[in-house]
Amino acid sequence: MDRKKLLSAKYLVPAGLCLLVIFEMLYHYLFAAMSVNGKEAKIYIDSDDSLDSVICKLRPVCTSGGISGFSTLALQLGYNENVRPGMYLLDENIGPLSFLRKLRNGRQDFIMLTVPSVRTMPDLARKLGDKMLTDSATFMQAFSDSMKIRKYGFTTETLPAMFIPNTYEVLWTDSADKFMNRMEKEYKKFWTDERKSKAKIKGLSLIEVSTLASIVDSETNIESDKPRVAGVYLNRLHEGMKLQADPTVKFAVGDFSIKRILFKHLSTKSPYNTYRYEGLPPGPICIPSISGIDAVLNAENHDYLFFCASPAFDGTHIFARDDKEHMENARKYQAALNARKIK
């Protein structure tokens, strides 16, 4: 072998090793998983975030190499001028280049948002504001806008009926209007032909079903009791009797902490006070649960007209067919309240 070939062979192996090292470094720099210990992480990017603040959010969940690669690429590709808000999943396999592309293109991941069965619309606004980028004040403004609400077929009083408590896939950045549009679609999907047919048989509109369901939900947490309680209220409506539902009085007074309904509460002048006014109140007194709605649609057929809480304070109720029987049950419950010094 001549001198030139020997020199060529001498330097060929080191050059190959250098290229291999460079390629390996580039791989780790661009494509190796950023996530620490292969754990998935949720990155929430606000509308006022910058590249620096995004890096600060990434640092606790990323490898040092991943952060370095992301930072350099982000500067080179001008990400600081293209920061898009959203919730982005940093999964266990994604590398700096892929994750940067995801952020630049605003390819958000969905969050699982639970719409709870809460007492008031301000309560719902606060819950949503805690889980989404849109704040509670903006949600409350949307819930109070009678013109916007009207296009959905509701009023400010009946709006709680549009929200079906469930868990939904939404984007963290969804606006209040987009959220409302989604809830309208879910409402229409929930009210199947079967449910509508049952409401018609009961002689109730869909909103009236939800209104009565909200009262049933407020009366009991015992699922097995709900159809029987619903049956009592339907019997009273058909008999032309006042509902005399204690939860409606609490709603009218605006104090849900009341343990014992007194005569001063019963005199409250409000259309929600069913001791004072006949029929159903103007709208739901809470966002009714699905089980509450179905309890009304599948209410027990019986001849009970009264019920009161059990003196055992176990959440169940005692039912009665006439006033005399009911007064005896109520006396026992009042005695139990007195014994526990509940005022």
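The values are calculated or read from the model by the stated rules, or taken from the named source; none is laboratory data. None of the values given here were measured: they were computed from a predicted structure. A quick note on method: Cβ atoms are made from the backbone with ideal geometry, for glycine too, and the neighbour counts reach across all protein chains shown. We work out accessible area using only protein heavy atoms, side chains counted, and drop any ligands, DNA or RNA first. Shrake-Rupley method; radii C 1.70, N 1.55, O 1.52, S 1.80 Å.
Relative to the Cα centre, the charge distribution of the range 136-250, modelled as +1 at Lys and Arg Cβ and -1 at Asp and Glu Cβ, gives a dipole magnitude of about 380 debye. A Förster radius of 45 Å combined with the Cβ-Cβ distance from Asp48 to Ala335 puts the calculated FRET efficiency at roughly 0.15. Per-residue ellipticity at 222 nm, computed for the chain from helices alone with -39500 (n - 2.57) per DSSP H run of at least four residues, works out to -15500 deg cm²/dmol. Among the trypsin sites (Lys or Arg not before Pro) in the range 102-140, those located in a DSSP loop and surrounded by at most 16 other Cβ atoms within 10 Å of their own Cβ are Arg107. Annotation: Cα Rg of the chain relative to the compact-globule expectation 2.2 N^0.38 Å equals 1.52.
With K and R counted +1 and D and E -1, the other residues having a Cβ less than 14 Å from that of Arg321 yield a net charge of -4.
What ranking do 62-69, 334-341 get when scored by the average of other Cβ atoms within 10 Å per residue, highest first? Don't skip to the end; give the middle numbers.
On the way: 62-69: 17.6, 334-341: 11.5.
So the peptides 62-69, 334-341, ranked by packing, come out 62-69, 334-341.
Taking a sphere under 13 Å around the Cβ of Tyr44 and counting the other residues whose Cβ falls inside, with K and R at +1 and D and E at -1, yields a net charge of -1. Here the gap between Glu92 and Leu262, fully extended at 0.36 nm per residue and compared with their Cα-Cα distance, gives a gain of 55.3 nm. What does the net charge come to around Glu92 if you take all other residues with beta carbon closer than 12 Å to its beta carbon, with K and R at +1 and D and E at -1? Here the count lands on -1.
Mind checking the range 60-156 for chymotrypsin sites (Phe, Trp or Tyr not before Pro) that DSSP puts in a loop (not H, G, I, E or B) and that have at most 13 other Cβ atoms within 10 Å? Answer by residue number: Phe110.
A cut-off of 5 Å between modelled amide H atoms, ignoring neighbours fewer than 5 places along the same chain, links Val118 with Ile287.
Rounded to the nearest 20 debye, the dipole size of the chain about its Cα centre is 380 debye, using +1 on the Cβ of Lys and Arg and -1 on the Cβ of Asp and Glu. Between Pro60, Pro311, Pro281, where does the largest GNM mean-square fluctuation fall for the chain, given springs only between Cα atoms within less than 10 Å? Its mean-square fluctuation being the largest, the pick is Pro60. Pairs from the list Lys264/Lys324; Lys131/Lys198; Lys226/Lys259 with a Cα-Cα gap above 30 Å: Lys131/Lys198. Centre-to-centre separation between the Cα atoms of the range 100-138 and those of the range 261-309: 31 Å.
Compute the accessible area per residue over the chain, keeping the other protein chains in place, probe 1.4 Å, unit Å².
On a per-residue basis, the chain sits at 55 Å².
Say the dipole of the chain comes from +1 at the beta carbon of Lys and Arg and -1 at that of Asp and Glu; which of Ser210, Ser144, Tyr272 then lies farthest toward its positive end? Going by the charge dipole, the pick is Ser144.
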